[in-house]
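The values are calculated or read from the model by the stated rules, or taken from the named source; none is laboratory data. This one's a predicted model, so the numbers in the text were calculated from it and none came from an experiment. Using ideal geometry, Cβ is built from the backbone for each residue, glycine included, and neighbour counts are taken over all protein chains shown.
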Amino acid sequence: MGKKAKQAARSMAQVSGSQKNSFLSHLAGELHRQEGRILAANQLDIEAGRKAGMSAALIDRLLLNEKRIAAMAADLLSLMEMPDPVGQIIEQKRMANGLQIRRQRVPLGVVAAIYEARPNVTVDISGLAIKSGNVVLLRGGKETLKSNQTLVEIIQESARFCELPDHVVQFIDDPDRGFVNQLVKLDQYIDILIPRGGNHLQDFCKREATMPVMLGGIGICHLFVDESADLERSVDVVFNAKVQRPSVCNALDTVLVHEKVAKQFLPVMVQELHAAGVSFRLDEMSQKILGLNPNLGLEPALDGDFDREWLALILGVKIVNGLDQALEHIWSHSTFHSDGILTENKENANQFLAAVDSAAVYVNASTRFTDGSQFGLGGEVAISTQRLHARGPIGLEGLTTYKWIVEGDYTVRP
């Protein structure tokens, strides 16, 4: 598979933008036309997951429905409208000796992705990779094997229809872990590895892979409710960040509340969120205001709770004495994915933006916006929390590198 991918990458780098866009348009149409086939395969995965005792949060990550398939197709059409990054000139200059030098975007080459649960990732990564001139090797989780097999078949059918190079998208359809152990050693053929999953998968790839690894996707996300915040509207933002889709990496995990507004804010927030099924893990100061009552979802925070990505309708709550303590908590517990402040104080907002070094830092907005589509990137292959070579949602530009183009007139160096 690695040899085939490397060969395909040589051809894929020369495919025109119009041909890549034709593929995206065709694939979007096929997702709609073959919706029944996709849903039938997904239902098999859902039934198997329930029999295996998977949590409701994980089942939600597995689930495809008409709305989610439509969103996948819409993202492909949005991607089609975006400029092709391949060949874009980043900078150019003419030297005194007459050399014309420019830095120009090129594909990374062969992208391997290992991911768990969400089958929409299969389409997202394939679309972004092809638009940016790359080829992909995909290895999804065994819990979505039927869904991924069907989606990959549709992707490959669309690639053939649009006469893209053979093997531009390949899928490891055997759940045997031994194939992953082999995949992470194929640095001769794979240019970058993207693991999308929990700490165990990330640590495994970081430790074992022989090619560069793009890490991220684990989000312990915070919102700090400052004393100057509009408290009514802050409840709405916290609600959205926690409840809209709790099983994803940009969902809120901990709310930090300024002690001067805690008595006013927390009871209202708890009432609103508990009605949506949220339970809470309270620090000692929060317990003094709210009390403890498991029937109302009010439980004490245990050791390690503020270091957990909940991926469920659970929210950590901590009262702080001000911005500095909120910043200290974030630096101590964040995975530097998405963190924000709710405030009407511009000075505090600016200090927060300067002090928090997360991939996405928010002022008066929900952390749920950390998403390639929401950022206008046409989707993402991952959300990177590292510094090289890209951060945050990785869209088209994040799947390119560059080369130097040097043109002379038979020029020699003196």
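Scanning region 208-262 for residues that are closer than 18 Å to residue 307 by Cα and of a type in the set (Lys, Arg) gives a single hit, 242. Among the numbered conditions (1) part of a loop (DSSP other than H, G, I, E, B); (2) buried (at least 21 other Cβ atoms within 10 Å of the Cβ); (3) over 21 Å from the mean Cα position of the chain (by Cα), the only one that residue 189 does not meet is (2).
Put simply, of 399, 323 the only residue that is in the same structural domain as residue 129 (by TED's automatic domain parsing), of a type outside the set (Ser, Thr, Tyr), crowded, with 22+ Cβ neighbours inside 10 Å and more than 25 Å from residue 247 (Cβ to Cβ) is 399. Of note, residue 279 does not satisfy the criterion of being assigned by TED's automatic domain parsing to the domain that holds residue 238 and touching a Cys at 6+ places or on another chain (Cβ under 6 Å). Counting the residues of region 245-291 that are in contact (Cβ under 8 Å) with a residue 40 or more places away in the chain and either part of a loop (DSSP other than H, G, I, E, B) or under 26 Å from the mean Cα position of the chain (by Cα) (or both) gives 14. Residue pairs whose Cβ atoms lie under 6 Å apart, sitting 6 or more positions apart in sequence or on different chains, and linking a residue in region 41-62 that is assigned by TED's automatic domain parsing to the domain that holds residue 116 and in contact (Cβ under 8 Å) with a residue 60 or more places away in the chain to a partner that is basic (Lys, Arg) and assigned to a helix (DSSP H, G or I), are 41/146; 44/146; 45/146. If only one of 37, 102, 68 is closer than 30 Å to residue 11 by Cα and in contact (Cβ under 8 Å) with a residue 12 or more places away in the chain, which one is it? Matching residue, one of 37, 102, 68: 102. State all residues of region 233-245 that are in contact with a helix residue (DSSP H, G or I) (Cβ under 8 Å, 6 or more places away or on another chain) and modelled with pLDDT of 95 or more; if no residue qualifies, say none. Result: 234, 235, 238, 239, 240, 241, 242, 243, 244. Give the residues of region 54-67 that are in a helix (DSSP H, G or I) and either surrounded by 16 or more Cβ atoms within 10 Å (Cβ to Cβ) or touching a Lys or Arg at 6+ places or on another chain (Cβ under 9 Å) (or both), sorted by residue number. Answer for region 54-67, where residues must be in a helix (DSSP H, G or I) and either surrounded by 16 or more Cβ atoms within 10 Å (Cβ to Cβ) or touching a Lys or Arg at 6+ places or on another chain (Cβ under 9 Å) (or both): 57, 58, 59, 60, 61, 62. Take residue 12 and tell me if it is touching a residue at least 12 places away in the same chain (Cβ under 8 Å), under 23 Å from the mean Cα position of the chain (by Cα), surrounded by 14 or more Cβ atoms within 10 Å (Cβ to Cβ) and at negative phi. For residue 12, the condition - touching a residue at least 12 places away in the same chain (Cβ under 8 Å), under 23 Å from the mean Cα position of the chain (by Cα), surrounded by 14 or more Cβ atoms within 10 Å (Cβ to Cβ) and at negative phi - is not met. The listed residues are 382, 349, 354, and the only one of them that is of a type in the set (A, V, I, L, M, F, W, C), within 14 Å of the chain's Cα centre (by Cα) and outside the structural domain of residue 126 (by TED's automatic domain parsing) turns out to be 382.
Of the residues 48, 71, 96, 9, which is within 18 Å of residue 123 (Cα to Cα) and either modelled with pLDDT under 95 or of a type in the set (Gly, Ala, Ser) (or both)? Step by step, each of 48, 71, 96, 9 is checked, and only 71 is within 18 Å of residue 123 (Cα to Cα) and either modelled with pLDDT under 95 or of a type in the set (Gly, Ala, Ser) (or both).
Yes/no matrix, rows are residues, columns are (1) at negative phi; (2) in contact with a helix residue (DSSP H, G or I) (Cβ under 8 Å, 6 or more places away or on another chain); (3) not hydroxyl-bearing (Ser, Thr, Tyr):
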{"position": "53", "(1), (2), (3)": "no, no, yes"}
{"position": "57", "(1), (2), (3)": "yes, no, yes"}
{"position": "74", "(1), (2), (3)": "yes, yes, yes"}
{"position": "83", "(1), (2), (3)": "yes, no, yes"}
{"position": "88", "(1), (2), (3)": "yes, no, yes"}
{"position": "98", "(1), (2), (3)": "no, no, yes"}
{"position": "113", "(1), (2), (3)": "yes, yes, yes"}
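When the strands (runs of 3 or more DSSP E) confined to region 334-414 are screened for residues that are more than 22 Å from residue 309 (Cβ to Cβ) and touching a Lys or Arg at 6+ places or on another chain (Cβ under 8 Å), those reaching at least 1 such residues are found at 400-407. In this structure, residue 113 does not satisfy being part of a helix (DSSP H, G or I) and either in contact with a strand residue (DSSP E or B) (Cβ under 7 Å, 6 or more places away or on another chain) or surrounded by 14 or more Cβ atoms within 10 Å (Cβ to Cβ) (or both).
Checking each residue in region 295-330 for being among the aromatic types (Phe, Trp, Tyr) and either farther than 26 Å from residue 343 by Cα or in a helix (DSSP H, G or I) (or both) picks out only 306.
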